[in-house]
Every structure is written in structure tokens, then in C-alpha cells.
1. What Kirkwood hydrodynamic radius do you get for region 77-147 when you take the inverse of the mean 1/r over all pairs of distinct Cα atoms, in Å?
2. How big is Rg to Rh over region 121-194, alpha-carbon atoms, Rh as the Kirkwood inverse-mean-distance radius?
3. Select from region 89-134 those trypsin sites (Lys or Arg not before Pro) which occupy a DSSP coil region and have at most 14 other Cβ atoms within 10 Å, ordered by residue number.
4. By how many nm would the segment from Leu133 to Trp103 lengthen if fully extended, with 0.36 nm per residue of separation less the alpha-carbon distance?
5. For Arg179 and Gln199 in one chain, what is 0.36 nm times their gap in residues minus the Cα-Cα distance, to one decimal in nm?
6. Compute the accessible area per residue over region 122-271, keeping the other protein chains in place, probe 1.4 Å, unit Å².
7. Provide the gained length on full extension for the span Arg265 to Met187, in nm with one decimal, where the gain is 0.36 nm per separating residue minus the Cα-Cα distance.
8. Restricting things to alpha carbons, tell me how big region 199-271 is in terms of Rg and Dmax, in Å.
Amino acid sequence: MITTGGSPGDPAPDGAGQDDAPGAYGAFGILGAPETSVALGTHVEPEADRLGMADRAGMAHPSGMAHRAGRADWVPWLIALGVFAAYAAISLSRYFQLAPGSWDLGIFTEYVRQLAHLRAPVVNIHGSGFNLLGDHFQPIVGLIAPVCLLFPSAATLLVVQALLTAVSVIPVSRAAAARLGTGAGRMIGAAYGFSWGLQQMIDFDFHEIAFAVPLLACSLSALSRGKVRAAAVWALPLVFVKEDQGFTVAAIGILIVVMSLGRARADTPPG
């Protein structure tokens, strides 16, 4: 061991190889591992011991363990794949049996077809010469238009809806894993993916609210982890899903303000 900066009167090591001088250490550090250190009045831990301590600290903290596992965990993707396969199969089977759940599938198929050909979204199914944007404000559904140019069928809308629903499983599962651990995150993700509310949406055939599902999942997942900027970015497009989603965006905004004020208050030193 090389020691620099000790007091001039430091005694030499005794016969047993132990150094009794203050501010110095023997050939074995406090963790019991061999080390060679250059110390300026303090003990420098070897790199291996520091990494080991950090790893043990992370394993002892459930949120840290879940965070590392959540980034590499591929099981939520399998759950999402199962959700997509199940809901796409249900929707397409009803479509091919000519057993729709509502008129909305025909209405939105015509709406998307008109936009795909750069025409006004006039939907005669709803009414002669009826512009659908005069009924509800749902321009986000127009994102399906390029896909419909490649696959001009009502089935395209059903597959897209199943895909949007499945994608929302990932942020929900990861948010739960960050809070409760990997196993709980997987179970909550599966419970959410096959929940009654999502099943009801699929049974309806097609609805513009399908676009709100992943946006809400991503926004609330970010909010639960304290990422207020990401939560706001994911929430803002909700206003293009339907006119009443502005209230949802406002509610998320209030939550962001409350959380920010609480964090600022916690960071303020007392007195």
C-alpha cells in the first residue's frame, strides 16, 4: 500500500503487518478484498467492491430491480402479441360472418376511404352528403388512410384497432413493473390487455377511441414515473381523437401541476 499525506509522526507497521496509524489501512481493505490504494487521508475502495456494493444496493431496492428488469423484459411484448392475435381474430371472424356490432365500421371505412383519395370525408351511410367532421372531431382516424390505399378493406380498420390496443399493454406493464416488480408488471399487463373495457371496445367493431387507448396508456405510465414532460406530450394528441377528450387532457394537466407543486414543495428546504 502507498500512503501519501500522512502526519510526519506516523509510526511504521508493527511486526504483525498491521498499521495502527490513523488514516492508513493494512494490506486488506475493510471489505476483505486485496487492494493497492493511494490515499490522501481517506480509504479508496477497489473498483470491484464498489460495483459489488452498487449491485447489491440495486437488488435490495425493488424499484431499482424492476427498472433494470423492465428495460430488458420481453414478456410484455409476448402478452401484447397475444392480445393482438385474440382481438384481431375476434374482429375479423365477426366481419367475415357479416355480423357487425354497429354501423361505425361502415361509417369509418367510408371516412378513411375518402381521405385516402384526398376528398372531403363525406359519408353517405351516415346521411346524404354528410361530412363526418360535422358530427364528431376525429381527424386522427385519418392516419389509417395510407394503409387503406394498400389494403382497401374494412378489415384494415379492425386490424389497426387490435394493434393499437395491443401496443398499450407495453407502457401499462412497464409502469406496474417499475412500482411493484417484474412479475406483478407482467400479471397486470395481461389483466389489462384482456380487461372487460377493452373487450367491449373490440365487440363494438371499430371506434375512434381506439387511438386514445395507447396515448392514455403512455401518458399515465410516464406520469406515474414522474416524467411530466413525456406525460404531456403523449396526452396532447388526444384532442384529435374526439372533441370530448379535451376534458381528459385537462385532467392530466391538473395532475401534472399538482405533482410539480408537490415536488417543488418537497425540494424546498425548511425554514
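1. Taking the inverse mean of 1/r over all distinct Cα pairs, region 77-147 comes out at 13.7 Å.
2. Ratio value, two decimals: 1.20.
3. Arg119
4. 9.2 nm
5. Contour length minus Cα-Cα distance gives 4.6 nm.
6. 51
7. The Arg265-Met187 span can extend by a further 24.6 nm.
8. 15.3, 59
The values are calculated or read from the model by the stated rules, or taken from the named source; none is laboratory data. Keep in mind that this is a model prediction, so the values were computed, not measured. Using ideal geometry, Cβ is built from the backbone for each residue, glycine included, and neighbour counts are taken over all protein chains shown. The protein model used for the area step is the full one, side chains on, heavy atoms only, and it has no ligands, DNA or RNA in it. Shrake-Rupley method; radii C 1.70, N 1.55, O 1.52, S 1.80 Å.
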